[in-house]
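Written out below as structure tokens is the structure these notes cover.
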Amino acid sequence: MVSDFRRWYFYIACNFLVGMKNGFDFISSSYDRAAKIFFGNDIKKAQCHYITNIPEGATILILGGGTGWILNEIFNRRSSVNIIYVDTSERMIAKAKKTVDNKWLSQLIFINDTYQSVDSKVHFDIIFTPFFLDMFKENDISVIINDLSIQLTENGAWINTDFTNTTIWYQKIVVKMMYIFFRVVCGISAMKLPNFEKIFKQNGFLFYRSAFFHNGMIKSIIYKKR
Ligand SMILES: C[S@@+](CC[C@H](N)C(=O)[O-])C[C@H]1O[C@@H](n2cnc3c(N)ncnc32)[C@H](O)[C@@H]1O
């Protein structure tokens, strides 16, 4: 962990000095470890919470999936689903390819790019955004939701797992620190947590159900099309 911090410190310094930015590539090897140190198992618990709501045979789009541990979690519970896994970080995708059990590869497509590279003819039963939308400004989130809602089937569901605004002072500080860190190290555009519920509602989605984790700091929500 000490060496992780040293590497991050070096990277942050480089970012300031020469504007070097390559998104999440640099932190891919320590991402899951750091998440566990700061949030215990809650980052994983929150993302896994609604897997049992995914119907067998579903076609799933995962945006910003990261290192890929979520793939085995989904396939082990829902063995007949097909997944399109999108992440702009080359190293995250490489890690995900190594992490996923080989037996699931025929049901899986990796896209090392943005969602704009997803075949527009494919329709999804589930769109899953785990700690993804919080990286964008509200207008950009609106565009993403609006673009992809066309590809969500009529009875489909959008599962969003993310941090949420609370009134607890130390959680506000943690969120602020995270935004500073991810902005400097990964070059994310957002500077504060968006109001996800408002944006989903504005884009034609209805709240279906939700669950809180980590003393209310993390929320998993299922939205359905109106
Ligand atoms: C905060 S991490 C979350 C990773 C994972 N979902 C988790 O919770 O462990 C965000 C992920 O989104 C990816 N990402 C960033 N911008 C993206 C974009 N425009 N399209 C797709 N993936 C993106 C990053 O490479 C990173 O893996």
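Below, the figures for the structure above:
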| item | result |
| --- | --- |
| Cα centroid separation, the range 170-225 to the range 25-78 (Å) | 16 Å |
| K172, K198 arranged by Cβ crowding within 10 Å, fewest neighbours leading | K198, K172 |
| Model label zone, N215; criterion: amide N under 19 Å from point 7 Å along Cα-to-beta-carbon; scope the range 159-191 | 162-179 |
| Rounded to 10°, Cα long-axis angle of helix 2-18 versus longest principal axis of the chain | 80 degrees |
| If the convex hull is drawn through the Cα atoms of the range 2-225, its volume per residue in Å³ | 121 Å³ |
| Trypsin sites (Lys or Arg not before Pro) within the range 73-127: DSSP coil, no more than 14 neighbouring Cβ in 10 Å | K121 |
| Prolate/oblate/rounded call for the range 141-226, Cα gyration tensor, a/c under 1.5 rounded | oblate |
| Burial ordering of D119, D140, fewest other beta-carbon atoms within 10 Å first | D119, D140 |
| Chain lengthening between Y208 and N53 when straightened (0.36 nm per residue, less Cα-Cα) | 54.7 nm |
| Out-of-range pairs (alpha-carbon distance over 21 Å; input K36/K176; K45/K176; K95/K225; K137/K201; K36/K95) | K45/K176; K95/K225 |
| Ratio Rg/Rh [Cα only; Rh per Kirkwood] for the range 135-188 | 1.09 |
| Residue among L105, L61, L193 with the largest mean-square fluctuation in a Gaussian network model of the chain, springs linking Cα atoms under 10 Å | L105 |
| Whole-Hz ³J(HN,Hα) from phi, Karplus 6.51 cos²θ - 1.76 cosθ + 1.60, for the range 151-163, glycine and proline x | 8, 8, 5, 3, 9, x, 10, 10, 9, 10, 10, 6, 6 |
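FYI, it's all coordinate maths here, none of it is from the lab. For clarity, every value in this text was computed on a predicted model and none was experimentally measured. Cβ sites come from the backbone with ideal geometry, for glycine too, and all protein chains shown count toward neighbours.
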